[in-house]
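Q: One structure, pasted below without further comment.
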Amino acid sequence: MKLKFNTITWTAWMLTGATITLLSNNPANIILLSLILLASAKKHHISTSNTIKAAIFFSIPLLLINVLFVHEGQHILTEIPADIHLIGIQIPITPISGPITLESVSAAFLFSILLLNTLLLFTIYNKETSIDNVLRLIPTRLSHSTLLIAIALRFIPTITQDAQAVTEAQRCRGLIFQTGSLANRIKANSSVMIPTFVNSLERSYVLAEALESRGYSKNRTRYLKEDWSLGDWILSFTYLLSITYLVSSWAGFGFPYWNNPELLFSLDLRVLMTQMFLLIP
Amino acid sequence: MKTIEFNEVSYWYPNADEPAINDVSFSVSPGEFLLVVGSTGCGKSTLLKCINGLVPHFTGGKIKGSITVCGLNPTETPTKKVAQHVGFVFQDPENQFIMSTVESELAFGLENLRLSVNEISERISQVSSYFNLSHIINKKVSELSGGEKQKVVLASVLAMRPKVIVLDEPTSQLDPESASNLLYSLNSLNSDFGLTVVLADHRIDRVYPFVNKVLDLDCGVIGKPEDILPNSVNSPALLKLSKDLKDKRINIGHPKTVSEAKINLKKHLKKFNSKKIKSRKKGVVVVSIRKLSKSFNGKKVLNNINLDFFRGEFTVIMGRNGAGKSTLIKHLNGLLQPDFGSIQVKGMSPASFPIEEMARKIGFVSQNPNNYLFSETVSEELAFTARNLNSLPDIERILENLNLSSKKNLYPRDLSGGERQKVAIGSILTGEPDILVFDEPTRGMDSDSKHQLISLLKEFTDQGKTVVVVTHDVETAAESADRIIILDNGVITADGPATKVLNGNNLFQTQINKLFPTKNYLTVDDALKGLT
């Protein structure tokens with residue numbers, strides 16, 4: 001049976017995962033965290049293919065930057081020369097010249113996994129909680145701001161879809177965006193920007209009318225009707241303890257690999273213990 | 001005491017010389033169902049917004065006369081306070097959602113009323129059971145269908161238990177089935193709970209049986225539907241037929257429903273001859289679609305479509321919300337590419353040519369006219385496409401045909417929804433394409449504007465152009481189409497002459513066809529022509 005947990009428990013879950021991701025640089029633990037998060041996503045029937053694709057997309061520049069600019073480490077794979085010869089011309093490439101090391105490649109790989117973990121954490125958190133309930137956790141005196149955030153978050157995909165629809169409409173009128181002089185291109189793009197901008201303004205105007213006609217005011221109650229079970233108490237408390245333990249450990253002793261990546265592949269048991277709790281919800 | 005009372009009310013938008021509504025007086029008693037009709041841009045939305053005080057509190061401008069709603073003066077009372085008595089439903093449900101899930105949306109108004117969590121919970125459970133929303137209560141609003149969205153908006157407003165509900169064209173984006181469901185819900189709220197309903201709509205055929213008062217803003221008169229509607233620009237088919245038959249000495253009274261009309265017409269039925277269904281004359285194939293399939297996020301939206309469009313033919317595509325109609329027509333000019341299958345447009349494959357190049361062959365007008373409008377004036381908006389495509393259209397004539405000549409120097413976004421739609425259509429017509437494709441072109445248009453547009457499109461088909469229209473409006477389809485295609489779940493379920501497809505079709509049937517089920521009539525004209 002799938003247990004249903006409170007938004008507060010899920011928020012504590014996400015914060016624990018984020019703490020591990022941010023503080024631990026141990027490759028074994030980080031890879032294990034990915035596996036735990038993938039298992040959790042599968043358990044909740046959440047598709048992760050787009051998240052993985054996004055992580056791979058952003059990993060490519062990470063790998064290139066690391067390989068080309070970080071030359072530290074003892075395990076040299078190959079060397080980038082100080083200059084290259086192209087059709088008989090000598091071209092200096094001093095800024096990137098130096099050894100390509102296994103350490104720099106593994107560090108890039110590590111950063112990619114960290115990125116994947118962050119994306120997975122938020123994918124699961126977004127699916128398992130509602131933004132409305134998350135914002136209801138924010139203190140009442142910030143209610144205007146929380147509503148603003150909720151509306152803004154809802155509007156991002158709407159504006160993107162709007163821009164796409166306007167572009168399509170203008171292309172159907174024979175407008176070419178990619179050719180011609182710079183002035184023509186600016187003019188062509190204004191035919192997309194103006195309707196998109198005005199549509200957004202008109203939409204926000206209607207939304208403001210809807211808020212007004214439904215009696216919106218700062219002084220309102222909050223409908224946060226979620227069960228708070230014994231499981232929520234135990235889990236939230238466990239996550240709180242885990243975060244405290246991880247932060248104090250990091251502040252007091254530091255975790256391995258924090259400053260310089262080394263090729264050591266052993267699990268940090270302190271992190272492992274807290275990681276296993278992430279599998280519970 | 002009257003629930004709503006308007007006394008010689010006039011309103012001017014900021015910087016406007018002419019009033020948006022002029023000297024309007026009417027009253028509505030508790031539990032009445034008032035229908036507001038009038039031509040496009042006559043001030044229906046403005047009038048509705050006066051009822052809950054959005055006009056003038058939110059819009060600014062100048063107001064004259066006196067308004068009383070549930071004992072309050074909305075021009076002086078804060079809108080928040082009026083909201084406790086008056087619920088408002090806007091035209092587009094998408095734009096009025098504030099929260100992201102159905103339950104939160106239902107709770108939003110109740111949180112504003114400062115109700116306790118228990119009371120909010122109780123009211124949510126009541127409205128969700130009344131509107132049958134329990135199965136979608138935890139869904140995100142973005143995942144709902146068009147009909148579900150409008151139902152959630154209505155439920156969230158009614159959860160606040162207003163005495164009056166005001167609705168601005170709530171059915172304009174719904175398929176006939178969803179529109180009927182919404183109107184039945186409104187009718188039962190009106191008759192069972194005595195809720196006062198004020199509704200503005202252009203599709204009057206379906207609303208007419210439920211209303212007991214009509215305000216025609218064009219003439220500024222209010223009265224019983226049977227007195228006002230026969231002379232209105234949006235007269236329902238049954239009343240129009242009754243009026244025309246009266247001239248031919250057949251009296252069927254003022255029937256509100258088809259069954260009522262059937263009883264009154266029974267003794268005259270023999271005088272009506274059946275209409276022969278003409279077979280379609282197929283011309284030259286201009287668009288050919290073979291084995292077209294398309295999926296979004298793993299869901300098949302179009303499944304193995306085989307279809308031809310012919311030169312000089314007026315084709316209407318119909319189907320429920322989400323049936324795949326818009327997806328199908330977006331393939332014609334390359335806005336979408338098929339997952340499987342092929343399309344040929346006058347020998348060109350949209351997959352091999354850019355959309356800008358296809359625009360010379362196919363003119364495409366999408367659902368939202370606002371996506372087209374960015375120029376300073378209506379004339380410039382029309383000239384823009386002509387410049388892009390190097391065409392030489394008669395812009396003055398197009399403006400005249402669309403009844404926009406008097407508005408040619410106005411800023412397009414200052415026009416009403418129906419008028420903006422006409423500008424968007426005009427901006428495509430100036431490209432002079434041979435094939436014209438429209439997605440819901442008559443949305444928000446009054447009857448006269450629809451007739452003008454249909455006549456114009458018919459003129460194009462007479463000139464040998466091909467017209468493809470996606471619409472939910474059964475009456476428009478019946479009036480205009482040579483051929484009707486019905487899509488259901490991405491599959492073509494019917495394709496043939498309009499009479500053959502619509503005759504006896506449970507989902508897409510005109511009032512006249514229901515009245516004469518064996519005569520093959522679709523429109524009032526068909527019935528009058530069949531009369532011996």
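The values are calculated or read from the model by the stated rules, or taken from the named source; none is laboratory data. Not measured: the values here are computed from a predicted model. Neighbour counts are summed over all protein chains in view; Cβ atoms, including those assigned to glycine, are modelled from backbone coordinates with ideal geometry.
Q: Please name all residue pairs, on different chains or six or more residues apart, with Cβ atoms under 8 Å, provided the first residue is in the range B:257-271 and is within 15 Å of B:Gly530 (Cβ to Cβ) and the second residue is at pLDDT below 90 and among the hydroxyl-bearing types (Ser, Thr, Tyr).
A: The qualifying pairs are B:Lys271/B:Thr532.
Q: Can A:Tyr257 be described as away from chain B (no Cβ under 14 Å), under 25 Å from A:Thr19 (Cβ atoms) and at pLDDT below 85?
A: On the way: away from chain B (no Cβ under 14 Å): yes; under 25 Å from A:Thr19 (Cβ atoms): yes; at pLDDT below 85: yes.
Taking the combined requirement at face value, the residue satisfies it.
Q: Let me ask something additional. Name the residue, out of A:Glu202, A:Glu168, that is surrounded by fewer than 18 Cβ atoms within 10 Å (Cβ to Cβ), among the acidic types (Asp, Glu) and out of contact with any helix residue (DSSP H, G or I) (no Cβ under 6 Å at 6 or more places or on another chain).
A: Answer to the check: A:Glu202.
Q: Something else now. Restricting attention to the range B:114-135, which residues are facing chain A (nearest Cβ under 8 Å), surrounded by fewer than 22 Cβ atoms within 10 Å (Cβ to Cβ) and part of a helix (DSSP H, G or I)?
A: B:Val117, B:Ser121
Q: Now a separate question. Does A:Val198 satisfy being modelled with pLDDT of 85 or more, facing another protein chain (nearest Cβ under 7 Å) and either closer than 26 Å to B:Leu429 by Cβ or part of a helix (DSSP H, G or I) (or both)?
A: Taking the combined requirement at face value, the residue satisfies it.
Q: Restricting attention to the range A:205-238, report how many residues are assigned to a helix (DSSP H, G or I) and either more than 10 Å from every other protein chain (Cβ to nearest Cβ) or loosely packed, with under 15 Cβ neighbours inside 10 Å (or both). Can you show your working first?
A: Keep residues of the range A:205-238 that are assigned to a helix (DSSP H, G or I), which gives A:205-213, A:230-238.
Pick out the ones that are also either more than 10 Å from every other protein chain (Cβ to nearest Cβ) or loosely packed, with under 15 Cβ neighbours inside 10 Å (or both) and you get A:205, A:208, A:230-238.
So the count comes out to 11.
Q: It is to be established whether one or more residues within the range B:326-347 are among the polar types (S, T, N, Q), surrounded by fewer than 21 Cβ atoms within 10 Å (Cβ to Cβ) and in a strand (DSSP E or B).
A: Yes, the range B:326-347 has at least one match.
Q: Mind listing just one residue for me: the one in the range B:179-223 that is more than 18 Å from the chain's Cα centre (by Cα) and free of Cβ contacts under 8 Å to residues at least 12 places away in the same chain and, of those, surrounded by the fewest Cβ atoms within 10 Å (Cβ to Cβ)?
A: B:Asp192
Q: Looking at the range A:148-161, which of its residues are within 10 Å of chain B (Cβ to nearest Cβ) and touching a residue at least 40 places away in the same chain (Cβ under 8 Å)? Steps first, answer last, please.
A: Here is the first cut: in the range A:148-161, the residues within 10 Å of chain B (Cβ to nearest Cβ) are A:150-151, A:153-154, A:157-158.
A:Ile151, A:Thr158, listed by residue number.
Q: Let me ask you something else. Give the residues of the range B:286-308 that are surrounded by fewer than 13 Cβ atoms within 10 Å (Cβ to Cβ) and either at pLDDT below 85 or not basic (Lys, Arg) (or both), sorted by residue number.
A: B:Phe296, B:Asn297, B:Gly298, B:Asn306
Q: Moving on to the next point. Filter the range B:505-524 down to the residues that are under 19 Å from B:Asp473 (Cβ atoms) and free of Cβ contacts under 8 Å to residues at least 24 places away in the same chain and list them by number. Reasoning before the result, please.
A: First, pick out the residues of the range B:505-524 that are under 19 Å from B:Asp473 (Cβ atoms): B:505-515, B:521-524.
B:Asn505, B:Asn506 - these are the residues of the range B:505-524 that are under 19 Å from B:Asp473 (Cβ atoms) and free of Cβ contacts under 8 Å to residues at least 24 places away in the same chain.
Q: Restricting to the range B:267-310, what's the tally of residues that are in a strand (DSSP E or B) and of a type in the set (D, E, K, R)?
A: Residues of the range B:267-310 in a strand (DSSP E or B): B:272, B:285-296, B:299-310.
So of that shortlist, the ones also of a type in the set (D, E, K, R) come out as B:290-291, B:294, B:299-300, B:308.
Final tally of qualifying residues: 6.
Q: Quick one: in the range A:217-253, which of the residues that are touching a residue at least 24 places away in the same chain (Cβ under 8 Å) and of a type in the set (Phe, Trp, Tyr) is nearest to B:Ile120 (Cα to Cα)?
A: Once the filter is applied, the top-ranked residue is A:Tyr223.
Q: Failed condition for B:Ile250, given (1) among the β-branched types (Val, Ile, Thr); (2) buried (at least 18 other Cβ atoms within 10 Å of the Cβ); (3) assigned to a loop (DSSP other than H, G, I, E, B), with all others met?
A: All conditions pass for B:Ile250, except number (2).
Q: Hand me the list of strands (runs of 3 or more DSSP E) wholly inside the range A:67-183 holding 1 or more residues that are in contact with a His (Cβ under 8 Å, 6 or more places away or on another chain) and not hydroxyl-bearing (Ser, Thr, Tyr). Write out each step before concluding.
A: Values: elements: A:76-80, A:83-86, A:89-92, A:98-101.
Result: A:89-92, A:98-101.
Q: Oh, and also: Cβ-Cβ below 9 Å, separation at least six or inter-chain, first residue in the range A:172-186 and away from chain B (no Cβ under 11 Å), second at pLDDT below 80 and part of a loop (DSSP other than H, G, I, E, B): which pairs?
A: Between residues of the range A:172-186 that are away from chain B (no Cβ under 11 Å) and residues that are at pLDDT below 80 and part of a loop (DSSP other than H, G, I, E, B), the close pairs are A:Arg185/A:Phe177; A:Arg185/A:Gln178; A:Arg185/A:Thr179.
Q: Can you confirm whether the range B:58-78 contains a residue that is surrounded by fewer than 20 Cβ atoms within 10 Å (Cβ to Cβ) and under 28 Å from the mean Cα position of the chain (by Cα)?
A: yes
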